[in-house]
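To start, the structure under review is shown below, and the notes come after it.
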Amino acid sequence: MLTAIAEDAQSTLATVHQGLGALGHLLAHSAVVIEDGTIGADSLESLGFLMAELGDLASACMTLAAQCRQAVADRA
C-alpha cells in the first residue's frame, strides 16, 4: 500500500508542476491585458494564492512519497 501511495503522490506532484508551468505561460501571454487593466488585480491576487497553494501541495506530495518509499526500503 505504501508503494501505491508513493506512486500516487509522485503522479500528483508531476501534475501540479505541469499545471504551475501552464499558469506561468498563461501569465506571460496575458501581460498586455494585465497591463491595460482588462484583467483586474483581484484576479491576479487569486491566481497568486492558487499558485502558492499548489506549490504547498506539491511539496507535501514530495515529502509523502519520500517517506513512503523510505518506509518500504526499511522493511525490505
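Looking across the stretch 37-63, the residues that are more than 15 Å from V16 (Cα to Cα) and either of a type in the set (A, V, I, L, M, F, W, C) or not in a helix (DSSP H, G or I) (or both) come down to G37, T38, I39, G40, A41, L44.
Yes/no per residue for (1) touching a strand residue (DSSP E or B) at 6+ places or on another chain (Cβ under 9 Å); (2) on the phi < 0 side of the Ramachandran plot; (3) at pLDDT below 90:
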| position | (1), (2), (3) |
| --- | --- |
| E7 | no, yes, no |
| L13 | no, yes, no |
| H25 | no, yes, no |
| I34 | no, yes, yes |
| G37 | no, no, yes |
| L47 | no, yes, no |
| D56 | no, yes, no |
| Q67 | no, yes, no |
| R75 | no, yes, no |
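For Q10, are the conditions met, namely being surrounded by 14 or more Cβ atoms within 10 Å (Cβ to Cβ) and touching a residue at least 40 places away in the same chain (Cβ under 8 Å)? In short, yes.
Taking the criterion of being out of contact with any Phe, Trp or Tyr (no Cβ under 6 Å at 6 or more places or on another chain), hydroxyl-bearing (S, T, Y) and in contact (Cβ under 8 Å) with a residue 12 or more places away in the chain, would at least one residue in the stretch 32-50 satisfy it? There is no residue in the stretch 32-50 that is out of contact with any Phe, Trp or Tyr (no Cβ under 6 Å at 6 or more places or on another chain), hydroxyl-bearing (S, T, Y) and in contact (Cβ under 8 Å) with a residue 12 or more places away in the chain.
The values are calculated or read from the model by the stated rules, or taken from the named source; none is laboratory data. Not measured: the values here are computed from a predicted model. Because the Cβ atoms are built from the backbone with ideal geometry, glycine has one as well, and the counts that use them run over all protein chains shown.
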